[in-house]
Structures are given as structure tokens and as C-alpha cells.
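Everything below concerns the one structure shown next.
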């Protein structure tokens, strides 16, 4: 690395490493450009275009609407993982973050690419300014250029991870209340499907993430999908152990023909106990977390108050001697 930097600096001057990075980035863009711009054939779109132009206004409107392709669709093979397992994992992560649109994975990778290139350009400009104002080593130029690029690339991932954790915490906190409301609805005479619809409406104000999940379950059941598979999809989509246990309880209750209300009553009591245990755990961890703050902000002033006068007296005595 040092030999390469020395060669570039001797050959092209102080800006040699920066020019090499710029040329390398331009070369990579030129290599990837034919693959990115290559458009895959869309058989369904070709069939729609083959249809006769004459027809009713509704058909024309439908064709115009179908012709508005997603702007990122032609870059799908570049912005989406090509393996089915990786694509499924990426879609599941975006669903857990609350992004349920069809283009969520494409937008995520597009933002990574855009922010990475933008921060790379900002770092390159900053490196140029630093090289003109003062003498900067080749390693510093490389770091000024590449570190912002990595930061811009990982900002969307950090944002999605924070969203996943925040949404998961919200679902965990609101799930016991949702179970209590579902138990009240079932015992009042409503069916399980009706209670899920009511739960999605009532929990919107306090727990919007949980309301979104139950509304999605209600819509899938209305569409004719099997309730068991819908609930299992919800458990996989949420990724919370409490929800997975709840789904298992409902599936077993439906399989063995036991009372749903009784199962909900027992499980909701367990969820309330678990929430109390989580609160007690946080309360017990609080003194340990406060110990460091107490040592930093209490012990030094106390030492100054107790030992300060004695040290001043000793210093005065030594000065008089």
C-alpha cells in the first residue's frame, strides 16, 4: 500500500491517490452500466401492448395505468438480490421495519447506492480542498474519500435496523393489551375474525404497528386465505416470540376443538405476568446503571469538599517554611 501510494504521488503529484480512486470508480461504473441498462423482457406487458387499441374507456384507462411502470423496475436485477433466499430475507426484514410496499427492497438498495456515491463525492471535494490548503498525505486523502462513502452506504441499514427494533418493542409492549381486548370481544359473542378486525381498529391510536399487523391479517382472511396460514405468516413477519406462541395457541385450539375464549384467558394472564416481570427486570437493572453516574458526579465533589481544605492547609504550611 505504501509503495503504491509513493508511486502515485511521485508520478502524478499529491493528488495522485485521489485521481486513482476517481478513475477506479469511473471504471467500475462503466463496467456495470451495460448490465444496469439492460432491460429484461416483460411478457405480461408485451401481451397488454398487443391488445387492440379500440375498446371502452375503462380498458384504455387500465392499459394506461399498467403502462406506468415503476421507475426502478428496469434496475430490479441490479438493486435486488438474485437468489430467492436472499430476496425473501430482505423482504422479510423490510416488512419487519414497516415497509410493506412492493418496491421496498429496491428503494433500500437504491438509497444505499445514492448515499454512497453522494458521500463519496463530498469526501472527494473535501480531500481536494484539504490538498489545496495544506499538504496532505496519500493515506489521508484515501481516508477522506472512502470513509464518507462507507458512512453513506451504511446509513440506510442503520435506519432499517432501528426501525425494526422500535417496531418490535412497540409490538411487545402492546401485545398484552391487545390480548385483553380480544378476550373481551370473544367473550362478548364476536367471532375470532370479527375480534381481529375490531382489534386492528381500536389499537390504532396506541400501537399503530400492532394495528397494521392485525389489519393485514383481517384483509388476508377476507380475501379467502386460510386462517391458520395467515396467523403463521403474521408470526413469521413480526418475529416476536410472544406472537409466535399466541399463534401456536390459537392453532392448537382450533385443531383440538377447545374453547378459544379459555385459551385467550390463560394466555393473556401469562402475557400480563410476563410484562410485569419485564418491568421488574428493568427496575432491578436501574441501580446498577446509576452506579457509574453516581461515581462520576458525586465522588469527585465529595473528595474536593473533604480533602480540599486539608490540602490547602498543607500547601500553605509548606509555603511558609
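Tabulated data for the structure shown
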item	result
Qualifying residue in region 156-165 (condition: within 24 Å of the chain's Cα centre (by Cα), more than 18 Å from residue 237 (Cβ to Cβ), touching a residue at least 40 places away in the same chain (Cβ under 8 Å) and assigned to a helix (DSSP H, G or I))	yes
Selection count, region 107-138, where residues are modelled with pLDDT under 80 and either farther than 14 Å from residue 21 by Cβ or in a loop (DSSP other than H, G, I, E, B) (or both)	8
The one condition in (1) under 29 Å from residue 101 (Cβ atoms); (2) crowded, with 19+ Cβ neighbours inside 10 Å; (3) in contact (Cβ under 8 Å) with a residue 60 or more places away in the chain that residue 214 fails to fulfil	(3)
Selected residue [under 29 Å from residue 110 (Cα atoms) and at pLDDT 90 or above] from 212, 161	161
Region 232-283, residues that are outside any helix (DSSP H, G or I), surrounded by 12 or more Cβ atoms within 10 Å (Cβ to Cβ) and over 30 Å from the mean Cα position of the chain (by Cα)	258
Residue 101, sole failed condition from (1) touching a residue at least 60 places away in the same chain (Cβ under 8 Å); (2) closer than 28 Å to residue 209 by Cα	(1)
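The values are calculated or read from the model by the stated rules, or taken from the named source; none is laboratory data. Nothing here was measured: the structure is a model prediction, and the numbers come from that model. Virtual Cβ from ideal backbone geometry, glycine too; neighbours counted across all protein chains shown.
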